[in-house]
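Contents: one structure, followed by commentary.
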Amino acid sequence: MNQTGTQVRMDMKSLMDDLSKAGRDMWLAGLGAVATVEEETRSVFRTLVDKGKAYEAHDTMIERAAGQAAERVRGLRKRMESGFQDTSQAMLHRIGVPSHAEIETLISRVEQLTAKVEAMSRKEGL
């Protein structure tokens, strides 16, 4: 073979080696990109999970505090209503207005007396 043919073969071999190396480098770069995306995805996922846990704990704490506040308000309202009723009843009693229980007792006594009067009227009519 002549020198030009040998030189062409060497150049071709060198070109093939360069192309093969470049192809391998491209392959490895692609794998590196996939590995990087996977690592970043895991890192972002872990960060999101941690933030979710913190938010959930914070949200639960807010719900608990709101529930406690609502319970306190209900208790305060009941005490205020009870105090208002007691005060109102005491004031009405002081000015001579009978209580509900006293009115019920009076109604019962009137009904008893009415029944006795009717019974006596029937006896006299006989």
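The values are calculated or read from the model by the stated rules, or taken from the named source; none is laboratory data. None of the values given here were measured: they were computed from a predicted structure. Methodologically, a virtual Cβ is constructed for each residue, glycine included, from the backbone with ideal geometry; neighbour enumeration extends over all protein chains shown.
A few notes on this one:
- The requirement of being surrounded by fewer than 10 Cβ atoms within 10 Å (Cβ to Cβ) and assigned to a loop (DSSP other than H, G, I, E, B) is fulfilled nowhere in the stretch 101-124; no residue meets it.
- Considering ASP18, ASP25, ASP59, the condition of being at pLDDT below 80 and surrounded by 10 or more Cβ atoms within 10 Å (Cβ to Cβ) is satisfied by ASP59 alone.
- Scope the stretch 107-126; condition at pLDDT 90 or above and either closer than 30 Å to SER88 by Cα or of a type in the set (S, T, N, Q) (or both); matching residues: ILE107, SER108, ARG109, VAL110, GLU111, GLN112, THR114
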